[in-house]
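Notes follow the structure.
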Amino acid sequence: MDANFQGLSLRHLPFPLVACLAALLAPPARAMDAAPLEVRALWVETGLVPPALRVAMIHAAASILSPARVVVRWRVGKADTVSGPEELRVVAIEQRGRGAGAGRILGATSNGPGSRTIWVNYPNVAWAAGTTVDALSSAGFHERRRAAIALGRVVAHEIVHALVPDLPHADVGVMSERLKDSLDRPLGLDPLTTEALLAANRRAREAGSIQAALALLPPAADPPPLVADSEPPSEGLP
């Protein structure tokens with residue numbers, strides 16, 4: 001060590017110089033940390049989901065997507081509200097019971113020409129949470145919280161499909177093909193899905209927009225719908 005620096009400590013240096021040294025020595029921040037992918041979404045109000053439950057659902061979905069640097073900016077509209085070119089259209093529908101396959105359809109995404117649309121089957125999501133649409137209108141905090149978490153997982157799942165159309169379902173986590181994990185424990189995205197969303201972020205910034213980046217990808221078929229098991233849960237998902 002140079003003799004001029006022997007015995008020198010940071011407390012002998014002027015504060016501005018200390019701050020500059022700290023900045024130089026700190027590891028560089030990841031670009032994604034400074035620039036999340038902002039997604040615009042239009043919630044089409046159909047009168048099915050109570051406003052308070054919708055707000056809780058949005059918070060639940062945000063907690064899932066934010067670690068992958070995805071931020072959703074919501075607005076509420078009506079059936080005749082026109083979606084913007086960069087906007088996801090999210091619609092709650094009422095289709096009770098099972099579909100053609102083995103399981104109750106909870107959500108689905110259309111990535112075809114025009115507005116990208118996400119459908120959320122509210123009665124079936126309520127069923128998966130161990131309740132019903134009618135019961136939720138007067139349910140207590142615990143029941144409404146579980147329903148909001150289930151709705152948030154369905155919405156987050158379908159938003160990922162809209163952003164990364166060719167991403168297959170995962171074996172674990174929110175991107176599993178079935179809503180099967182406990183609603184009383186946190187559930188996030190698997191590492192492959194997180195990396196796919198970070199890559200989608202980079203493509204969107206290079207292309208100038210999410211829609212422009214999606215247009216550069218090979219055409220992808222609509223993903224299979226998210227389903228719940230066909231046997232009714234006694235108290236919602238375990």
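Assorted remarks:
- Given (1) under 20 Å from N111 (Cα atoms); (2) modelled with pLDDT of 85 or more, number of the condition P223 does not satisfy: (2)
- Selection of the range 126-146 for residues being in a helix (DSSP H, G or I) and either surrounded by fewer than 21 Cβ atoms within 10 Å (Cβ to Cβ) or touching a residue at least 60 places away in the same chain (Cβ under 8 Å) (or both) yields W127, A128, V133, D134, A135, L136, F141, H142, E143, R144, R145, R146.
- Whenever a residue of the range 64-76 is under 17 Å from R205 (Cα atoms), its partners that are polar (S, T, N, Q) and surrounded by 12 or more Cβ atoms within 10 Å (Cβ to Cβ), lying with C-beta atoms within less than 7 angstrom and at least six residues away or across chains, give the pairs A68/T194; R69/N201.
This table checks each residue for (1) farther than 30 Å from E143 by Cβ; (2) hydrophobic (A, V, I, L, M, F, W, C).
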{"position": "P165", "(1), (2)": "yes, no"}
{"position": "D181", "(1), (2)": "no, no"}
{"position": "S209", "(1), (2)": "yes, no"}
{"position": "A212", "(1), (2)": "yes, yes"}
{"position": "A221", "(1), (2)": "yes, yes"}
{"position": "V227", "(1), (2)": "no, yes"}
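The values are calculated or read from the model by the stated rules, or taken from the named source; none is laboratory data. The structure presented is a predicted model; accordingly, all values stated were derived computationally and were not measured. Cβ: placed from backbone, ideal geometry, glycine included. Neighbour counts: every protein chain shown.
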